[in-house]
Structures are given as C-alpha cells and as structure tokens.
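For reference, the structure is listed below as structure tokens.
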Amino acid sequence: MNIKKRLLRTFALALIGLAIGGAIAYIQVSSESAHVIKQNVTQNSGPSRMAGVNLGGSFDLMDHNGKAVTAETYDGKYKLIYFGFTYCPAICPTELQKITQVMNKLDEEFSKQIQPLFITVDPERDTAEVMAEYVSLFHPELIGLTGTTDQIGKVMKDYKIFATKVEDDSMSEYTMDHSSFIYFMSMDNKPLGIYRMQDDADYIVGDILKILASS
Ligand code: NI
C-alpha cells in the first residue's frame with residue numbers, strides 16, 4: 001500500500017475513532033522525568049518553565065536522503081522536533097501537519113531560523129526511503145531522520161521519548177504507543193518549549209515568538 005493510501009486510511013480510522021468517542025490516551029508517560037516535563041508545561045508559562053528540564057543534546061542519525069547527520073548538521077538553527085513513525089494511525093500525521101502550519105504561519109524571517117525534524121521511533125520499518133516519501137507530504141523543510149536501533153534508542157533516551165511496539169490482532173502490522181510532544185529546541189539543542197497535542201498551531205506560534213523575543 002502506498003503512503004497516500006495509507007494516510008487516507010489512517011485519517012478515516014481517526015475519524016471513526018473520534019466518532020465513537022474513543023478517548024484513548026496516546027501519551028504514554030514512562031518515567032518520572034516525563035511527569036516533571038508535563039507538570040512544568042501545565043503549570044508554568046513562558047520560557048522559564050524549561051528551567052530544570054534536562055533533555056536534548058546532539059545525535060548521530062541518518063536523514064531521509066541516506067546521509068549521516070548530527071545535530072551540528074543543522075547548526076545555526078532552532079529545531080522543532082517530533083518523534084513518531086510513518087505507520088502511525090492518527091497522531092503523528094496530525095502533529096506533523098501542525099508543525100507544517102506553524103512553519104507556514106511564522107513570518108519567513110523566523111521560519112527560516114527553524115529546522116523541523118521528524119525522528120522515527122520505528123527504524124525497523126522507517127527506512128530513509130520510507131521517510132523520504134512520508135515527509136514529502138508535509139512541510140518542504142521537514143527532514144525525516146532514522147538510524148540503527150541503537151542510534152534511535154539513544155536519541156529517544158536523550159529526549160526522554162517512550163515508545164513500545166503493540167501487536168493488534170485486528171491489524172496485519174504492529175503499531176506503536178509513543179510519547180507525543182513537539183519540542184522547540186535552541187541552537188545548542190536545549191529545550192525552549194514543549195508542546196502537547198492540545199496545543200494548537202496558533203498557540204505554538206505565539207509561544208515561539210515569545211521565546212525568540214526573549215532570547
Ligand atoms: Ni504516532
């Protein structure tokens with residue numbers, strides 16, 4: 001099945017899911033630190049809420065063109081990072097669409113300072129080739145990153161991302177439960193903003209502008 005058909009199917013499934021009111025918690029919080037992140041985001045506003053949030057750093061990965069990259073490949077840019085997988089039934093396409101909207105809503109003088117990155121939590125299926133086709137459905141600047149199981153494991157740990165395979169008897173393929181946060185990272189890969197699924201594009205744009213104005 002090609003990716004466009006897959007996406008159409010997954011959007012349809014998402015609508016059905018909403019229709020039956022399936023309030024499934026997709027955010028899986030695996031560790032204390034993730035709890036801290038959630039509380040900080042909920043209770044505070046503005047960049048100061050990131051004080052004490054220890055995540056981020058550089059990485060060794062491969063981009064969707066098959067080129068080895070590190071965080072330094074994107075030096076001089078802020079980063080909007082989302083972790084997910086291309087077979088995701090609903091949340092990932094929605095969040096990547098949101099990143100696309102954020103990039104489009106920002107004035108060019110700001111958007112050109114930001115590199116959007118989509119890092120897979122499913123390197124087994126998300127090869128560079130699969131990532132290339134998938135990211136082409138979103139913002140033209142979006143870069144898909146994959147890697148070996150070890151490389152992906154390390155970046156997930158550094159960015160406090162939880163993901164686990166889930167076998168579903170009604171599906172021929174496995175799916176994955178995973179954390180869903182959009183990270184706004186500084187040029188030296190420290191967290192400036194963390195956005196949840198309920199934060200819409202306008203909120204994120206406003207917050208990014210606030211952060212850029214105060215940095
Ligand atoms: Ni997902």
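Summary of values
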{"item": "Hey, S136 at pLDDT below 95 and more than 17 Å from F59 (Cα to Cα) or not", "result": "no"}
{"item": "E141 being buried (at least 16 other Cβ atoms within 10 Å of the Cβ) and either within 15 Å of the ligand (Cβ to nearest atom) or at pLDDT 95 or above (or both)", "result": "yes"}
{"item": "Those residues of the stretch 81-108 which are under 17 Å from F184 (Cβ atoms), of a type outside the set (V, I, T) and more than 16 Å from the ligand (Cβ to nearest atom), in sequence order", "result": "Q101, M103, N104, K105, L106, D107"}
{"item": "Output for the stretch 169-209, where each listed residue is aromatic (F, W, Y), within 16 Å of the ligand (Cβ to nearest atom) and in a strand (DSSP E or B)", "result": "Y183, Y195"}
{"item": "Failed item in (1) in contact with a strand residue (DSSP E or B) (Cβ under 6 Å, 6 or more places away or on another chain); (2) modelled with pLDDT of 95 or more, with Y174 passing the rest", "result": "(2)"}
{"item": "Residue list for the stretch 61-79, restricted to those being in contact with a helix residue (DSSP H, G or I) (Cβ under 9 Å, 6 or more places away or on another chain) and either more than 15 Å from D188 (Cα to Cα) or within 16 Å of the ligand (Cβ to nearest atom) (or both)", "result": "L61, M62, D63, H64, N65, G66, K67"}
{"item": "Sole residue being within 14 Å of the ligand (Cβ to nearest atom), over 28 Å from K210 (Cβ atoms), surrounded by 15 or more Cβ atoms within 10 Å (Cβ to Cβ) and not small (G, A, S), chosen from V130, V166, V121", "result": "V121"}
{"item": "Given (1) in contact with a strand residue (DSSP E or B) (Cβ under 6 Å, 6 or more places away or on another chain); (2) buried (at least 17 other Cβ atoms within 10 Å of the Cβ); (3) not charged (D, E, K, R), number of the condition I152 does not satisfy", "result": "(1)"}
{"item": "Residue within the stretch 81-91 that is in contact with a Ser or Thr (Cβ under 6 Å, 6 or more places away or on another chain) and among the aromatic types (F, W, Y) present", "result": "yes"}
{"item": "Unique match (being modelled with pLDDT of 95 or more, aromatic (F, W, Y) and either farther than 18 Å from V130 by Cβ or over 11 Å from the mean Cα position of the chain (by Cα) (or both)) among F59, F85", "result": "F59"}
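The values are calculated or read from the model by the stated rules, or taken from the named source; none is laboratory data. These figures come from a predicted structure and were not determined experimentally. All Cβ positions, even for glycine, are placed from backbone atoms using ideal geometry, and neighbour counts span all protein chains on display.
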